[in-house]
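The values are calculated or read from the model by the stated rules, or taken from the named source; none is laboratory data. Only a predicted model underlies this, so the values are computations on that prediction, with no experimental measurement involved. Using ideal geometry, Cβ is built from the backbone for each residue, glycine included, and neighbour counts are taken over all protein chains shown. Side chains are part of the model used for accessible areas, which takes the heavy atoms of the whole protein and leaves out ligands, DNA and RNA. Shrake-Rupley method; radii C 1.70, N 1.55, O 1.52, S 1.80 Å.
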Amino acid sequence: MSILVLNCGSSSIKFSIYARRPTEGPELQVLCHGEYEGIGGGERHFAAADAEGNPLDTGDYGAGTDNLTHTKALDYLLAWLQDQDYMDNLEATGHRVVHGGKDFSAPVRIDSSVLKRLEALIPLAPLHQPHNLAAIRILAERYPEFLQIACFDTAFHACQAPVARRYALPRELTDAGIQRYGFHGLSYDYLSRRLRTLSPAAGNARVIIAHLGNGASMCALRGSESQATSMGFTALEGLPMGTRCGSLDPGVILYLQQSRGMKPTAISDLLYRRSGLLGVSGISNDMRTLLASGDPRAKDAIDMFVYRINRELGSLAAALGGVDALVFSGGIGEHSPVIRARVCELAGWLGLRLDPAANDRSSSRIDAKDSAVAVWVIPTNEELMIASYVNERLGQ
């Protein structure tokens, strides 16, 4: 039997199939994985690979479709999985759901009541939640017999102390659910477990993880549990990201409304889709493009990104009372030696020293021998984390 994992973003659908083999080697073994890109516009691309990374014969699903919606893309994906004989053995589907609010602090079986409560959270994660839930509805229509499990990015941070989650707002607003939730929890949970495998002593250490990609955040952990994180009520707070602004004086929002006459929808579009690296550079939200550019605006965006990471690193180190290990992950964290080197250079005040050769190779351990802080580069795997949650649920 097997598990389908779906991670539906604003313009893509990532998927994986995991076999459940409790008596044969690893309990979960990936059979195939892939991604459908270009949904809603842009260059369309569907690719899939087997467990060894060998490309599979994917056919040409969706080619020529004028308006490729998430519904159509998922239909094409399900048709491909059926053609490849993956659907007959599926036991359950695990979904990444970005926001679980106050109600959901662990994976949950999805029914109509759960779905309705998750729909109420769409305003708190407008880039992701609608597409996460659309996939759930489509699967329920096409395959009503499938068990569907929602796995939340917010759940990992539910163990934080109230003082770390509270905003300085009247209590009735806090009681109504306006608090810091934190995100990227699926990634942080996987990375904390992986770090314990690589370094068992890290299980009790003070660890800061930097999940740096188009969406970027940082998290402080002690005993592998979240203590503080850069994102808050929504996935806007904290570091500047590809197109998101990061932390912003709330007075800016009031100014845009009162003095510039901007409507909430226009402000939302500005903060979520036209800010961050794209807004500062005016060139691109892709760090690779910015690093290759000689435009001074690209340099401004990179400088700001690195500076804000360093500021957040200091804040999280203070929350932990020090730091024993720093982990880089995410698309930028895993693949950009330049950004890692710049961050670590600014973090020299922590006693952190980098091994340049190891960093250039993107080795798993990149700190110098005299460094007071261990520095790791660990690829994240949110899909495997989701499959593990679903597997645990099936075993109950």
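Given the stretch 292-372, what helices (runs of 4 or more DSSP H) lie entirely inside it while holding 3 or more residues that are in contact (Cβ under 8 Å) with a residue 40 or more places away in the chain?
296-320, 330-335, 337-346
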Open item on the list: Please go through (1) open to solvent by 20 Å² or more (accessible area, probe 1.4 Å); (2) at pLDDT 95 or above; (3) under 25 Å from Ser315 (Cα atoms) for Tyr255 and return the number of the only condition it doesn't satisfy.
Closed with: (3)
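If you check Thr93 against the conditions, is it in contact with a Phe, Trp or Tyr (Cβ under 8 Å, 6 or more places away or on another chain), β-branched (Val, Ile, Thr), touching a residue at least 40 places away in the same chain (Cβ under 8 Å) and not in a loop (DSSP other than H, G, I, E, B)?
Yes, satisfied.
Does Asp88 satisfy the condition of being modelled with pLDDT under 95, among the acidic types (Asp, Glu), in a loop (DSSP other than H, G, I, E, B) and open to solvent by 20 Å² or more (accessible area, probe 1.4 Å)? Before the answer, list the steps.
Working: modelled with pLDDT under 95: yes; among the acidic types (Asp, Glu): yes; in a loop (DSSP other than H, G, I, E, B): no; open to solvent by 20 Å² or more (accessible area, probe 1.4 Å): yes.
Considered against the rule, which asks whether it is modelled with pLDDT under 95, among the acidic types (Asp, Glu), in a loop (DSSP other than H, G, I, E, B) and open to solvent by 20 Å² or more (accessible area, probe 1.4 Å), Asp88 comes out as no.
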Open item on the list: Exactly one of these conditions fails for Ser284: (1) of a type in the set (S, T, N, Q); (2) assigned to a helix (DSSP H, G or I); (3) out of contact with any Lys or Arg (no Cβ under 9 Å at 6 or more places or on another chain). Give me its number.
Closed with: (2)
- [ ] Kindly establish whether Arg206 is without any contact (Cβ under 8 Å) to a residue 24 or more places away in the chain, under 30 Å from Glu334 (Cβ atoms) and of a type in the set (D, E, K, R).
- [x] no
Task: Selection from the stretch 114-172 of residues that are crowded, with 21+ Cβ neighbours inside 10 Å and of a type in the set (Gly, Ala, Ser) - done: Ala125, Ala135, Ala150, Ala155
TODO: Please tell me if Gly232 is buried (at least 19 other Cβ atoms within 10 Å of the Cβ) and either over 22 Å from Ile309 (Cβ atoms) or touching a residue at least 12 places away in the same chain (Cβ under 8 Å) (or both).
DONE: yes
- [ ] Considering each residue of the stretch 337-359, count those that are surrounded by fewer than 20 Cβ atoms within 10 Å (Cβ to Cβ) and within 16 Å of Trp376 (Cα to Cα), and give that number.
- [x] 13
Task: Selection within the stretch 273-291 - closer than 17 Å to Leu212 by Cα, in contact with a Leu (Cβ under 7 Å, 6 or more places away or on another chain) and either open to solvent by 40 Å² or more (accessible area, probe 1.4 Å) or touching a residue at least 60 places away in the same chain (Cβ under 8 Å) (or both) - done: Asn285
Task: Identity of the residue in the stretch 121-138, touching a Leu at 6+ places or on another chain (Cβ under 7 Å) and without any contact (Cβ under 8 Å) to a residue 40 or more places away in the chain, that ends up nearest to Ser268 (Cα to Cα) - done: Gln129
Task: Close pairs from the stretch 67-90: first over 16 Å from Ser16 (Cβ atoms) and free of Cβ contacts under 8 Å to residues at least 24 places away in the same chain, partner of a type in the set (Ser, Thr, Tyr) and open to solvent by 50 Å² or more (accessible area, probe 1.4 Å), Cβ under 7 Å, at least 6 apart - done: Ala79/Tyr61
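Give the stretch 373-388 a look and list any residue that's assigned to a helix (DSSP H, G or I) and under 16 Å from the mean Cα position of the chain (by Cα), or say none. Outline the logic, then answer.
Start the filter on the stretch 373-388 by keeping residues that are assigned to a helix (DSSP H, G or I), which leaves 382-388.
Within the stretch 373-388, Glu382, Glu383, Leu384, Met385, Ile386, Ala387 qualify.
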Task: Single residue of Ser268, Ser259, Ser315 found to be closer than 24 Å to Ala341 by Cα and hydroxyl-bearing (Ser, Thr, Tyr) - done: Ser315
